[in-house]
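See below for the structure under consideration.
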Amino acid sequence: MPKTHTARPLAIPAISTRLLLTAAGVAILLLALAYLVAFDQGALSRSGMYMHELMHDGRHLLGVPCH
Amino acid sequence: MPLKLSFGRLLIAGLLAGLIAGLLAGTFAYVAGEPRIDAAIAIEEQNTLAHGEAGGSEELVGRDTQKNVGLILATSLYGIAMGGFLATAYTLLRRRLRTGSDTRAAIGLAAAALTGIVLVPFFKYPPNPPAVGDPATINQRTLSYLAVLVLGLVAIWAGVLAARTQTHEWRRATAGLTGFLIVVTIAYALLPTTNEVPGTFPAALLWKFRIASLGTQTILWTVLGLAFAGLLNRLATSSARQTPATAEPATT
Ligand SMILES: [Zn+2]
């Protein structure tokens, strides 16, 4: 049996207030992106119902309640 | 000392992995899911005509665009968002994951997400094709869906906490699974039940649609976990090559 190769773990940035604030900011942007796909009806995309209609099938197949 | 990764580099790896996962999941959804959606929309249009409602309302986006560009855009953006969440969770939780392997840590987090926000919601609120839902209940269904998604993640967390109370491997597995199932059972019991599938909707079509949806989401999270782990390995290899003097611990 071939020997399993495991890379040595990479060092992760230390948890600091700055990192937590950055992560919170990033999480808000990511939530907005997920909201745009899953629930937005023009309030975020500023495109009326265009983006909502465009991504309609994706919503159904990603398991999001749509209509 | 090994190379210290910034949150930014980890985030880029996560977003990139998410894009790859979204593209592949979208391709699967196109092949396995679109024929089912087309069939469901045909039934929906028949129902509309039968009820004498104003059919053929002007479409903002054509079906052809929805089926390819729209679908792939949706799964890609969704994948990118989930990749970002995975990278953020990895950065904040890596030290608490008791494994020396980054690959196991990354894939473990993706598997936890797949269980918590795909499998747990799937069995309570199985996804529905067009022509199934009642438009009047969409707000209620959306809230219930978000609630089961959050409770799925809580169940994973409960499982991990329960497992960590034990030291023996078999007991760990049993305690973890029990903790997880207790939270899932309570969540399923408390959340409202929705059953809006009309009796006339073909059962085989519903089944095939749900399998296509489950497949799409499973591919998204599986590829996301593997791609993120792969990109972490690449970062590890390149950092070891860039700084050979400091990357290897002085053992001599
Ligand atoms: Zn819909």
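The values are calculated or read from the model by the stated rules, or taken from the named source; none is laboratory data. What you see is a predicted model, and the numbers here were worked out from it, not measured in a lab. So basically every Cβ, Gly included, is an ideal-geometry build from the backbone, and we count neighbours across all protein chains shown. Protein only, heavy atoms only, side chains kept; ligands, DNA and RNA dropped before computing areas. Shrake-Rupley method; radii C 1.70, N 1.55, O 1.52, S 1.80 Å.
In the full protein context, chain B carries 52 Å² of accessible surface per residue, based on a 1.4 Å probe and ignoring ligands, DNA and RNA. Close amide H partners of A:M49, meaning residues 5 or more places away or on another chain with modelled amide H under 5 Å apart, do not exist here. Summed over both chains, the area buried between B and A is near 4400 Å², taken from the accessible surface of protein heavy atoms with a 1.4 Å probe. Helix A:17-38 and the long axis of chain A differ in direction by around 40°, with both axes built from C-alpha atoms.
Among B:S213, B:S144, B:S238, which one shows the highest mean-square fluctuation when chain B is modelled as a Gaussian network with alpha-carbon springs under 10 Å? The residue that fluctuates most here is B:S238. Relative to the longest principal axis of the Cα atoms of chain B, the long axis of helix B:71-93 lies at roughly 30 degrees. With an a/c value of 1.5 or above and a/b larger than b/c for the gyration tensor axes a ≥ b ≥ c computed over the alpha-carbon atoms, the protein assembly as shown is described as prolate. Once you have a ≥ b ≥ c as the square roots of the Cα gyration tensor eigenvalues for chain A, tell me rounded if a/c is under 1.5, and otherwise prolate or oblate according to whether a/b is larger than b/c. It comes out oblate by the Cα gyration axes. Taking A:A14, A:A27, A:A38 as the candidate residues, the one with maximal mean-square fluctuation in a Gaussian network model of chain A, Cα springs under 10 Å, is A:A14. Using the Karplus relation 6.51 cos²θ - 1.76 cosθ + 1.60 with θ = phi - 60°, the per-residue 3J(HN,Hα) values for the stretch B:103-116 come to 4, 5, 4, 5, 5, x, 5, 5, 5, 5, 5, 4, 5, x Hz, with x marking Gly and Pro. Per-residue ellipticity at 222 nm from helix content only, as computed over chain B with -39500 (n - 2.57) for each DSSP H run of at least four residues, stands at -23500 deg cm²/dmol.
In chain B, the C-alpha radius of gyration followed by the widest Cα-Cα span (Dmax) gives 22.0, 85 angstrom. All other residues with a Cβ under 15 Å from the Cβ of B:A89 taken together, and with Lys, Arg as +1 and Asp, Glu as -1, what is their net charge? Overall, the nearby charge balance is +3. Subtracting the Cα-Cα distance of B:F123 and B:R95 from 0.36 nm times their residue separation leaves 6.9 nm of extension gain. Close Lys pairs in the protein assembly as shown, defined as Cα atoms under 28 Å apart and 8 or more places apart or on different chains, number 4.
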